[in-house]
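What follows is a single structure, written as structure tokens, with notes after it.
No lab work stands behind these numbers, since they all come straight from the coordinates. The shown structure was predicted, so the numbers you read here are calculated from the model rather than taken from an experiment. Counting neighbours? That spans all protein chains shown, and the Cβs are built from the backbone with ideal geometry, glycine included.
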Amino acid sequence: MYTNQINQQPLVTLLSDFGDRDVYVGIMKGIIAQINRRLTVVDLTHQIGPQDIKAARFCLMNAYPYFPVGTVHVAVVDPGVGSKRRAIAVEFAQGFLVGPDNGIFSGVLSQSPATCAVELTNLNYWRTPQPSKTFHGRDIFAPIGANLASGVSLKQLGQEIDPASLVKLDIGECKQTTTGVVGCIQYIDNFGNLVSNIPGSYVQGKTWCVQAAGLSILGCETYSDVNVGEIIALVGSHGWVEIAINRGNANLQLQLDWQEPLQVMLT
């Protein structure tokens, strides 16, 4: 049974491309603990490919609905670190987003729009007024996230900005046609499954197939609906139409990449 956690200490989630070989993630957790050691920190993933903002966008979009209202999501995939790109914090219905203004939050905000956004200009809430040019996760985003989760108001953290000005990552749109839906691949997961930007609601209760890589791939419900090694289309747990191979790797076998086109045909 789910219970309402809103009155408990807020959570902080971390997402990055830092991996687990180096100490960067541990350092960010140390900074959070210095500010408030009672905060619970959840690692969403630190295995995003280096500088892969589009993958980070998808993973955060896929994860945020499963956290209590008020959760602070700190996401650091930041190829523009140290440049003039904005450091931001955003409030939306489910909580807060903290990180670089590079489109990493555009997936979440496409589903739950921002209600307020600030550029992080108040140095009092940074770890240091002279942050590293290469590690804003440590010097800006981790302390901001910890302060937000500890009750500091968003507007204390910097200059309010228009949410409409936030960078959006263009992944392409899915479009309905007379025979189905045209879309593209928006994410490739660890199993090599090719996740499209076509919502599963388009195919619910229908007979359908996906056309991609010169193939017509039958739409089914589970991986085991086809033999081992066969290609299948289905709606994944994330709610999007995907192409997979039963116990195989569709990405390697089909050689399809991010933003490659595909089409759902309703039959």
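Okay, here's what the table says:
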| item | result |
| --- | --- |
| Furthest towards positive pole of dipole, S153, Q263, I171, structure part the chain, Cβ charges | S153 |
| For region 104-114, Karplus couplings with θ = phi - 60° (6.51, -1.76, 1.60), whole Hz, Gly/Pro x | 4, 9, 5, x, 4, 6, 6, 9, 9, x, 5 |
| Relative contact order [Cα under 8 Å, 6+ residues apart], the chain, whole percent | 16 |
| Size of charge dipole - region 175-266 - debye, nearest 20, with Cβ of Lys, Arg +1 and Asp, Glu -1, no other charges | 180 |
| Farthest toward positive dipole pole in region 11-165 [+1 Lys/Arg, -1 Asp/Glu at C-beta], among Y66, S16, Q34 | Q34 |
| D189 long-range amide H proximity, modeled H, under 5 Å | V195 |
| Table column - 3J(HN,Hα) (Hz), region 24-36, Karplus curve with 6.51, -1.76, 1.60, x for Gly and Pro | 4, 5, x, 5, 4, 5, x, 4, 4, 5, 4, 7, 7 |
| Placed amide H near H46: partners under 5 Å, 5+ positions off or other chain | S16 |
| Fully extended contour minus Cα-Cα distance, from Q156 to V23, at 0.36 nm per residue | 44.9 nm |
| For R86, distant residues with modelled amide H under 5 Å away | D101 |
| FRET efficiency, A93 to N227 (Cβ-Cβ, R0 35 Å, nearest 0.05) | 0.20 |
| Stokes-Einstein D (µm²/s) once Rh is taken as the Kirkwood radius of the chain over alpha-carbon pairs, at 10 °C in 1.306 mPa s | 81 |
| Cross-link pairs beyond the 25 Å C-alpha cut-off, checked among K84/K168; K175/K206; K54/K155 | K54/K155 |
| Which of T178, T134 has the fewest Cβ neighbours within 10 Å, and the rest in rising order | T178, T134 |
| Total charge dipole magnitude, the chain, about the Cα centre, Cβ charges on Lys, Arg, Asp, Glu only, Debye to nearest 20 | 680 |
| Residue order, fewest to most beta carbons within 10 Å, for E242, E230, E173 | E173, E230, E242 |
| Principal axis dimensions, largest first and in whole angstrom, of region 108-174 by Cα | 43, 27, 19 |
| Computed FRET value (nearest 0.05) for Q255 with C116, which takes r as the C-beta separation and R₀ as 45 Å | 0.55 |
